[in-house]
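Structure first, commentary second.
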Amino acid sequence: GPLVRWLKVNFGEVFTAWIHIKALRVFVESVLRYGLPVNFQAMLVKPTKKNTKRLKETLNQLYGHLDSTALSGQQLNTMDIPGLNLTSSDYYPYVFYKISLDMLEPTR
């Protein structure tokens, strides 16, 4: 009982902090990848499952000129950084972070 009440009260705080961390990661990645001055616009997009591939193709066409390495199929140099598991299929010419909201789905 008390644990469930505590979780219900604090879930919003934790979720807000998690989204803020994602926003900070987008900012830092954008500055590191594209440099200063900071001139970018972050967006949150939720496509339907059937339009996900089409959205990524469109974004690749629009922003492919920013980083041709992502579109050329060159392998990324693998570095030994804990928690960073990048493969060439995970790298795009734009900054991309997936936010999984499966925890909000009702359990059956």
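Expressed in whole Å with the largest first, what are the equivalent ellipsoid semi-axes of the range 7-46 derived from the C-alpha gyration tensor as the square root of 5 times each eigenvalue?
Ellipsoid semi-axes (Å, largest first): 27, 11, 6.
Just tell me which lysines come within less than 23 Å, Cα to Cα, of Lys50; anything on the same chain fewer than 8 places away is out.
Reachable lysines: Lys98.
For Tyr34, Tyr97, Tyr92, give the ranking by accessible area with the largest first, probe 1.4 Å.
Accessible-area ranking of Tyr34, Tyr97, Tyr92, largest first: Tyr34, Tyr97, Tyr92.
Extending each Cα 7 Å along its Cβ direction at Asp102 and Tyr34, get the distance between those two points in nm, one decimal.
A separation of 3.1 nm, rounded to one decimal place.
From the phi of every residue in the range 96-102, what ³J(HN,Hα) in whole Hz does the Karplus formula 6.51 cos²θ - 1.76 cosθ + 1.60 yield, where θ is phi - 60° and glycine or proline is x?
For the range 96-102, the Karplus curve yields 9, 10, 8, 10, 8, 10, 4 Hz.
Please give the contour-minus-distance gain from Val14 to Asn60: 0.36 nm per residue of separation, less the Cα-Cα distance, rounded to one decimal in nm.
Gain in length upon complete extension: 13.3 nm.
Count the net charge of all other residues whose Cβ sits under 13 Å from the Cβ of Val26, scoring Lys and Arg as +1 and Asp and Glu as -1.
Counting the neighbours of Val26, the net charge comes to +3.
The values are calculated or read from the model by the stated rules, or taken from the named source; none is laboratory data. Keep in mind that this is a model prediction, so the values were computed, not measured. Cβ atoms come from the backbone with ideal geometry, glycine included; neighbour counts cover every protein chain shown. Accessible surface is based on the protein model in full, side chains and every heavy atom, while ligands, DNA and RNA are left aside. Shrake-Rupley method; radii C 1.70, N 1.55, O 1.52, S 1.80 Å.
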